[in-house]
């Protein structure tokens, strides 16, 4: 299996090369040359597998430059009941008839990002050890990616992490999770802007090819294909739990800001997983909902990006969206480069032609948005009816999911974080604090290490230069 860029660079690369690289040299994102199709016999064989074995089977379709015994060992080291709280790893929790939560948030940082990031930590350490190299990971977070990356990479040999986050815009718990880490290889940089500013800095540094190569810059944001690939696994795992035979279909509802999580669902569907609908849920920052309704992708500036009670989705420039548009356009790299390159920078968005937009329906996507009032009502309703406490992002997903429930088609809402991370809104909705794991009691009072910086890529590059050895 080889990989190419969404922007037309046809140079084919192996998995291990793109694992460490992040963005392609032409500024595009990597995708496999094709999505392997999974037939009925394979689905039947996979149906009874433990999660780590299922991960190995799916990853093996995309990774042929890591020996199979090594890849299997890395999967089994990652997906353990000790790390994720149950043998099922991603168990389903039934709500009303035909609606389930799929628990993705039982890892070390209480967010779905752990599902991929824990594997990425293993893959990075393995590949760097094999090459005798080191890497400086540069990332941006709106709340959950940062802590998941730092907990996965802390103490890893040959790895340093430089994580950008929007200063003062994460929940107190999210800030404490990241900033309280004292490991020497972890560097937190709080940027005086919004998440999109952080993401733009990461892309600017990644596009400086000389700096990137000189300082061995890699990425753990969802622009890294390996992370997205790891997320494909739980769509299959959820499907197998919700169905008894392969002629049944399911739908997935996914809270979405950066389009990485739901893009993994798109890949699973392209592989042949019987997905009826991919339900994309946004908060008040509804750039993706607008696209799937109208065919227009209009990026909002910092002043138009709302600060909401589901802060990990306070994103108005979805960096993974380019992968889907590339597929939507029949993998036309030149057209994708035209839309996501100068046009997006100059005009702040684009509109697809009716002919380009028409195939959207065939990819199974529908969308909707949820507001703060919707979140409170959904959290309250879920607690009162089912005795189950959900976080604000999962509430967005559940609210939108209910519009698209169809008889006989299980609706799996991806639980993307635990309520402990967003205590203020849970208190507002339910009049009580969410419970938190014993290991995370009092985390807000721990000493913190972080550096505040302006929205300035050059300043971040100078910081990396002085701290990357």
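Side notes on the structure shown:
- Residue list for the stretch 190-200, filter: in a helix (DSSP H, G or I) and either modelled with pLDDT of 95 or more or out of contact with any helix residue (DSSP H, G or I) (no Cβ under 9 Å at 6 or more places or on another chain) (or both): 198, 199
- Filter result for residue 367 (closer than 20 Å to residue 300 by Cβ, surrounded by 19 or more Cβ atoms within 10 Å (Cβ to Cβ) and touching a strand residue (DSSP E or B) at 6+ places or on another chain (Cβ under 7 Å)): yes
- Scanning the stretch 445-469 for residues that are under 25 Å from the mean Cα position of the chain (by Cα), farther than 16 Å from residue 214 by Cα and part of a helix (DSSP H, G or I) yields a single hit, 457.
- Total residues in the stretch 329-367 satisfying the condition of being within 20 Å of the chain's Cα centre (by Cα) and either at positive phi or without any contact (Cβ under 8 Å) to a residue 60 or more places away in the chain (or both): the figure is 1.
Table: residues versus (1) touching a helix residue (DSSP H, G or I) at 6+ places or on another chain (Cβ under 8 Å); (2) farther than 26 Å from residue 159 by Cβ; (3) not in a loop (DSSP other than H, G, I, E, B).
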residue	(1), (2), (3)
9	yes, yes, no
20	yes, no, yes
23	yes, no, no
31	yes, no, yes
52	yes, no, yes
66	yes, no, no
69	no, no, yes
89	yes, no, no
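- Residues within the stretch 87-101 that are out of contact with any strand residue (DSSP E or B) (no Cβ under 8 Å at 6 or more places or on another chain) and within 27 Å of residue 62 (Cα to Cα), tallied: 3
- Considering each residue of the stretch 414-437 in turn, at least one proves to be over 28 Å from residue 162 (Cα atoms), crowded, with 19+ Cβ neighbours inside 10 Å, touching a strand residue (DSSP E or B) at 6+ places or on another chain (Cβ under 9 Å) and modelled with pLDDT of 95 or more.
- Counted residues, the stretch 33-50 - those being more than 26 Å from residue 324 (Cβ to Cβ), modelled with pLDDT of 95 or more and part of a loop (DSSP other than H, G, I, E, B): 3
- Residues in the stretch 10-20 include at least one that is more than 30 Å from residue 418 (Cβ to Cβ), in contact with a strand residue (DSSP E or B) (Cβ under 9 Å, 6 or more places away or on another chain), at pLDDT below 95 and crowded, with 16+ Cβ neighbours inside 10 Å.
- Exclusive hit being more than 23 Å from residue 313 (Cα to Cα) and in contact with a helix residue (DSSP H, G or I) (Cβ under 6 Å, 6 or more places away or on another chain), set 153, 178: 153
- A Cβ distance below 6 Å, combined with a sequence gap of six or more or placement on separate chains, defines the contacts here; from the stretch 77-90, residues that are free of Cβ contacts under 8 Å to residues at least 24 places away in the same chain and on the phi > 0 side of the Ramachandran plot reach residues that are assigned to a loop (DSSP other than H, G, I, E, B) and surrounded by 15 or more Cβ atoms within 10 Å (Cβ to Cβ) in the pairs 85/106.
- Test for residue 229: is it surrounded by fewer than 21 Cβ atoms within 10 Å (Cβ to Cβ), more than 18 Å from residue 328 (Cβ to Cβ) and either touching a residue at least 40 places away in the same chain (Cβ under 8 Å) or in contact with a strand residue (DSSP E or B) (Cβ under 6 Å, 6 or more places away or on another chain) (or both): no
- Residue in the stretch 397-404 that is crowded, with 22+ Cβ neighbours inside 10 Å and not in a helix (DSSP H, G or I) present: no
- Within the stretch 343-364, being buried (at least 16 other Cβ atoms within 10 Å of the Cβ) and either in contact with a helix residue (DSSP H, G or I) (Cβ under 8 Å, 6 or more places away or on another chain) or more than 23 Å from residue 314 (Cα to Cα) (or both) holds for 350, 352, 356, 357, 360, 364.
- Counting only helices (runs of 4 or more DSSP H) that fall entirely inside the stretch 237-337 and contain at least 2 residues that are more than 22 Å from residue 374 (Cα to Cα), the qualifying elements are 260-270, 321-328.
The values are calculated or read from the model by the stated rules, or taken from the named source; none is laboratory data. Bear in mind the structure is a predicted one, so any value in this text is a computation, not a measurement. Glycine also receives a Cβ, built like all others from the backbone with ideal geometry; neighbour counts cover every protein chain displayed.
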